[in-house]
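The values are calculated or read from the model by the stated rules, or taken from the named source; none is laboratory data. Treat the numbers as computed from the prediction; the structure is a model and nothing was measured. All Cβ positions, even for glycine, are placed from backbone atoms using ideal geometry, and neighbour counts span all protein chains on display.
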Amino acid sequence: MESIKEKILEKIKNKEIAKKPRWFFAIKNSIFWIFWAASVVIGSISFAVIIFLIDDYDWDIYPQLNTSLEEHILKSLPYIWIVLLGICVWLAYREFKNTKSGYRFMPYFIIGGSVCVSVILGSAAYAFGIGEWMDEFTSKVIPPYRAVMRTKFDVWRRPDVGLIAGRIGNQIDNDMFEFVDLQQNRWRIDITNALWRAPVPLMPGMQVRIIGEPGAPGMFRVNEIRPWRKMNPMEGAKEFIPVPRSR
């Protein structure tokens, strides 16, 4: 019985299999590594966005929304980015497996290593603000993005349950300010008993989130005010992200 080696040699002799130069395999191996690296980088960016969205979201306001914490979490997780991260991990595993030495490693080692690299790089990307930038960039270039995700833009346009967000306007008197919400509705907000959760004074021009209750037409009594996004005390009262148009 012929061995496998003899069969291959016989096929080469009969020109059934053409010899390929070494550079062909070197380029092929390099391509697999490039695709592996691309998968890991995209996965890292996805992880950075996931961290940003989870950290930036208001998980404690479910009582105002008349829902349970579990339901609030299930409705608000960034599923798009979680699925993209999973796809990138799978692609990274497949490309690494196809490299010259990939066959030597167990699947759990390849997958675990790819996940660890994505987590480390993604955490660094989040620290540098790439997660926030990518979320905003995706919102601009892919209009349906906001429509398929439940974000804080959705939960903070609910004056009926005491949740509004927008920009602080001119001060009317000591405890009264003008206010324009995300839907361009104008209010007069009473901050007499309001708790301000930020390291800098409340000032006109700031974009904020407000918990309270509507009073007379056009009036809103404020219980708590939060900056629209987390603030660095060293940055002071800078401008926040632009108010989006209503969908």
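Just a few scattered comments:
- Residue check, Ile87 hydrophobic (A, V, I, L, M, F, W, C) and under 27 Å from Val41 (Cα atoms): yes
- Counting only residues that are touching a Gly at 6+ places or on another chain (Cβ under 9 Å) and either over 21 Å from Arg229 (Cα atoms) or part of a strand (DSSP E or B) (or both), the range 158-184 holds 10 of them.
- Any hit, the range 39-57, residues being under 14 Å from Leu121 (Cβ atoms), crowded, with 18+ Cβ neighbours inside 10 Å and among the aromatic types (Phe, Trp, Tyr): yes
- Taking helices (runs of 4 or more DSSP H) as the structural unit, those lying wholly within the range 47-131 and holding at least 2 residues that are more than 30 Å from Arg158 (Cα to Cα) and not acidic (Asp, Glu) correspond to 79-97, 107-127.
- Scan of the range 118-168 for residues that are of a type outside the set (Ser, Thr, Tyr) and in contact with a Lys or Arg (Cβ under 6 Å, 6 or more places away or on another chain), ordered by number: Arg150, Trp156, Ala165
- Matching option when the condition is at pLDDT below 90 and touching a Cys at 6+ places or on another chain (Cβ under 9 Å), among Ser118, Ser46: Ser118
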